Structure formats: structure tokens, C-alpha cells
Amino acid sequence: MRPEKKLIASEYLARLNAAPFFIVVEYTGLTVGQFTELRKRLTKVGAEIHVVKNSIFRIAVKEAGIADITSSLAGQMAVVSGLKDVTTAAKVMKTYQAEFERPKIRFGYLNNGRLEPKDILALADLPSIDVLRGKLLGLLKTPLTTLVQLLNTPGTQLARVLQAKVEKGA
């Protein structure tokens, strides 16, 4: 392999190792303007998209220890990856695909588990990780708030009785 190709393969390998997920899309039919718009939308949510040469990407995937994807790579491919939440990138891909009917989601990987297009679209329907954390915090907070109110009730009632006694006696 030529040194340039080794360098590019090592760059893809570094991206795959750094990102907890990647989504492979076929971008055939997208204009440069549409691809740039998709890139901007993904950047806003902490993800990025890169056009990849299939043969070099196969080498990077193999070196990353991901299952053989040779049969899945055909046509003009691009890889969406990111360091943040997979659901936000999946949402961007789903809405963009609904608007322009492209790019076509082929498959993806999340923590070394293969995702089919229907799985990626299901991830897009999930709330973001921040929303889920907020819901969890709310669930944890409610019983604690109730407990504090129950513990304070007898003391509050006693204070009211004593205050009424003081006011009546005065």
C-alpha cells in the first residue's frame, strides 16, 4: 500500500477508535451544497461526516477490530461519527433523509455492536441523553421531596399548636 493510503487509513482508524459510534451512509445523488448543509447540521450536534474510499475504510475497520463489513460497502460511502450522543446524530440523519430522500443509511456501529438502518432510525426517535438524565433526576428527586415533607410535618404541626397556645394565652 502506498504511504498516502496508509496515512489516510490510519486517520480513519484514529476516528473509529475515538468515536463510540459510526454510521455509514450512501451519499449518491447529493449535491455539494446539500452535502455541505448536512455537514453543518452534524457539526452543530457534535458529529462529523467524511467521504471515505471503501478499500481504505475496509482496512481501517479491520485494524479497529470491527466485524467484517466487506459485503456492506458498495457505492459512494460517507461515515458519520462523533464523540457525543449517537441519538442526536441519528436525528439529524433522519430529518435530513426525510427532507432530501438522501443520504441512504446503510448500517452503523455503536460500541462494536452492528446497527441496521431500522435500529438507527429507532435511536433517532429516542430523547437525547440530556433529556433522559433530566427525567432520571426527576424520578429520583420526587421520593426524596416527599420524604422531607413527611419528616417535617410533625414538627410543623407542633410549632403551629405551640404558636396558637402562645397567641391564645397572650
* Consider only pairs whose beta carbons are under 9 Å apart and that are at least six residues apart or on different chains; among these, list those whose first residue lies in segment 6-32 and is on the phi > 0 side of the Ramachandran plot and among the small types (G, A, S) and whose second residue is surrounded by 19 or more Cβ atoms within 10 Å (Cβ to Cβ) and at pLDDT 80 or above. => G29/P103
* Which condition breaks for I120 when tested against (1) in contact (Cβ under 8 Å) with a residue 60 or more places away in the chain; (2) of a type in the set (V, I, T); (3) not assigned by TED's automatic domain parsing to the domain that holds Y109? -> (3)
* Asked: Of all the residues that make up segment 1-32, how many are in a loop (DSSP other than H, G, I, E, B) and closer than 25 Å to K91 by Cα?
  -> 7
* Entirely in segment 42-112, the strands (runs of 3 or more DSSP E) that have 2 or more residues that are over 18 Å from the mean Cα position of the chain (by Cα) -> 47-52
* **G46, sole failed condition from (1) surrounded by fewer than 12 Cβ atoms within 10 Å (Cβ to Cβ); (2) closer than 16 Å to L123 by Cβ** => (1)
* Structure fact -> The condition of being at pLDDT below 85 and either surrounded by 10 or more Cβ atoms within 10 Å (Cβ to Cβ) or in contact with a Phe, Trp or Tyr (Cβ under 9 Å, 6 or more places away or on another chain) (or both) holds, among L162, L150, only for L162
* Residue satisfying all of: in segment 78-102; over 16 Å from T43 (Cβ atoms) and in contact (Cβ under 8 Å) with a residue 40 or more places away in the chain; surrounded by the fewest Cβ atoms within 10 Å (Cβ to Cβ) among these -> F100
* part of a helix (DSSP H, G or I), of a type outside the set (A, V, I, L, M) and closer than 19 Å to I23 by Cα: does that describe E167? -> no
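The values are calculated or read from the model by the stated rules, or taken from the named source; none is laboratory data. This one's a predicted model, so the numbers in the text were calculated from it and none came from an experiment. Backbone-built Cβ (ideal geometry, glycine too); neighbour counts: all protein chains shown.
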